Amino acid sequence: MGRRLGRLSHVTGPVDTLGRPVRDLRISVTDRCNFRCTYCMPKEIFSRDYQFLPRDELLTFEEITRVARIFVRLGVRKIRLTGGEPLLRKGIEDLVGMLASLEGVEDLTLTTNGSLLARKAEALASAGLRRVTVSLDSTDDTVFMAMNDVGFPVEKVIEGIEAAARAGLVPVKINMVVKRGVNDGSVVDMARRFRGTGHIVRFIEYMDVGTTNGWRMEDVVPAAEIIRMIDSVFPLEPLAPNYRGEVANRWRYKDGSGEIGVIASVTQPFCGDCTRARLSAEGKLYTCLFASSGTDLRRLLRDGASDEELEQTIRRVWEARSDRYSEIRSSQTVGLPKVEMSYIGG
Ligand code: SAM
Ligand code: SF4
Ligand code: SF4
């Protein structure tokens with residue numbers, strides 16, 4: 001786990017038009033979620049009548065594993081399961097077991113809202129999951145409940161985080177999306193709550209993913225401001241990245257009580273090192289979080305394509321890739337059509 005990319009230079013996988021290899025695969029296993037976070041699945045759009053994907057349109061675990069195996073052959077070393085809420089997918093631990101047995105996967109992890117984690121952490125760890133990232137946007141119930149918009153309490157997520165740590169899914173990473181005027185008042189409290197626990201809080205700039213969350217630049221709290229807020233109460237110093245392409249800038253508390261990260265996708269884009277591919281729940285391949293269209297791998301899988309044909313398709317898509325949305329983000333790009341994050345996976 002955590003091997004540096006440099007040591008993998010023997011891999012003859014594809015390289016995109018900007019010289020980036022494919023190293024990470026994010027797999028969305030469902031587009032459904034039991035939360036309605038206002039910045040991701042606003043209730044007004046994702047209502048009772050919203051048409052989620054029918055079951056038979058989701059890739060099966062066998063199909064996902066087959067695609068993942070090909071990606072590993074092409075250079076992927078890290079797999080993340082996501083969604084929607086991945087723990088809503090029935091039998092998710094079976095998929096974890098299937099992916100864990102793929103030779104060449106050095107890191108297998110999952111991003112969850114934590115609501116079902118207390119129940120599932122042990123089974124996930126036994127199946128071969130290595131680590132987990134849990135999203136939590138505030139330690140204040142009023143703020144958190146307004147953000148998840150289904151009245152889900154903080155304490156239940158913390159129970160999930162603790163169950164994950166007990167199951168050995170460490171270090172637990174905790175994602176907090178910071179939105180100005182909504183939960184920026186919780187930044188220091190989140191730092192206070194988790195320093196000294198071994199868990200790593202990662203503060204994320206609110207992004208213009210999808211088209212439904214009404215994103216405005218004024219709502220973004222820049223990472224530099226987040227660091228200033230925490231540093232003024234708990235002094236910080238920067239840490240070197242663990243590996244090239246790491247999305248979070250790392251900081252540690254000067255008193256030795258742990259580490260935090262900031263993900264500055266808006267104010268300090270990191271497209272130059274972006275080695276991530278995304279597979280949607282229905283089997284479309286996307287090469288950027290902000291893409292508007294993907295390549296249908298499910299059709300190939302269900303039409304009887306061979307592994308070689310699948311590999312050639314993925315190679316072609318990756319070699320044609322020129323995405324760098326965050327670097328060219330502007331008032332012109334913000335309103336363009338993009339797939340939703342709950343569909344493509346975070
Ligand atoms: N449901 C799971 C969860 O919330 O952890 C996994 C999927 S969620 C789409 C993955 C991550 O994306 C979460 O940490 C979430 O907070 C983050 N996210 C969603 N919408 C975002 C936005 N507009 N800007 C920044 N991060 C966002
Ligand atoms: Fe669901 Fe995660 Fe999106 Fe929140 S961020 S609505 S938990 S998919
Ligand atoms: Fe990667 Fe696209 Fe994000 Fe840039 S904007 S870092 S290319 S996913």
GNM flexibility winner over the chain from 197, 30, 65 (Cα, springs under 10 Å) = 197
Taking 1 over the mean of 1/r across every pair of different Cα atoms in the stretch 88-242, what Kirkwood radius in Å do you get?
-> 16.8
Straight-line reach from residue 90: which lysines have a Cα under 16 Å away, not including same-chain ones fewer than 8 places off?
-> 120
Pairs 78/284; 156/284; 179/338; 254/338; 43/254: which exceed 30 Å Cα-Cα?
-> 156/284; 254/338; 43/254
Assigned charges on the beta-carbon of Lys, Arg, Asp, Glu; the stretch 22-344 dipole about Cα centre (debye) | 320
Over the stretch 22-344, volume per residue of the alpha carbon convex hull, in Å³ | 127
Could you give the length gained on full extension between residue 327 and residue 90, defined as 0.36 nm per residue of separation minus the Cα-Cα distance, in nm?
-> 81.6 nm
Whole-Hz couplings from phi, Karplus 6.51/-1.76/1.60, listed for the stretch 220-230; x for Gly and Pro | 7, 9, x, 3, 4, 6, 4, 4, 4, 4, 6
Label point at residue 192 placed 7 Å out along Cα→Cβ; residues across the stretch 221-255 whose backbone nitrogen lies under 13 Å | 230, 233-234
With an 8 Å cut-off on Cα pairs and a minimum separation of 6 or more residues, tell me the relative contact order of the stretch 22-344 in percent.
-> 20
May I ask for the Rg/Rh ratio of the stretch 1-128, computed from Cα atoms with Rh as the Kirkwood radius, given to two decimals?
-> 1.01
Going by C-beta contacts inside 10 Å, put 81, 108 in order with the fewest on the left.
-> 108, 81
Go ahead and set up a Gaussian network model of the chain, Cα springs under 10 Å, then flag whichever of 240, 291, 264 fluctuates most.
-> 240
When only alpha-carbon atoms count, how far does the stretch 267-326 stretch along each of its three principal axes, as whole angstroms with the largest first?
-> 44, 20, 13
Lys and Arg at +1, Asp and Glu at -1: add these up for the other residues within a Cβ distance under 13 Å of residue 235 and post the number.
-> +1
Checked against the positive end of the charge dipole of the chain (+1 on Cβ of Lys and Arg, -1 on Cβ of Asp and Glu, about the Cα centre), the farthest of 207, 191, 317 is 317
Per-q log10 I(q)/I(0), the stretch 97-179, q = 0.14, 0.25 Å⁻¹ (Debye; single scatterer per alpha-carbon; no solvent) | -0.48, -1.13
One would report the antiparallel percent of DSSP beta bridges in the stretch 1-149, rounded to the nearest 5, as 5
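No value in this document is a laboratory result; all are computed from the given coordinates. Keep in mind it's a predicted model, so treat the numbers as computed, not measured. All Cβ positions, glycine included, derive from the backbone under ideal geometry; neighbour counts span all protein chains shown.
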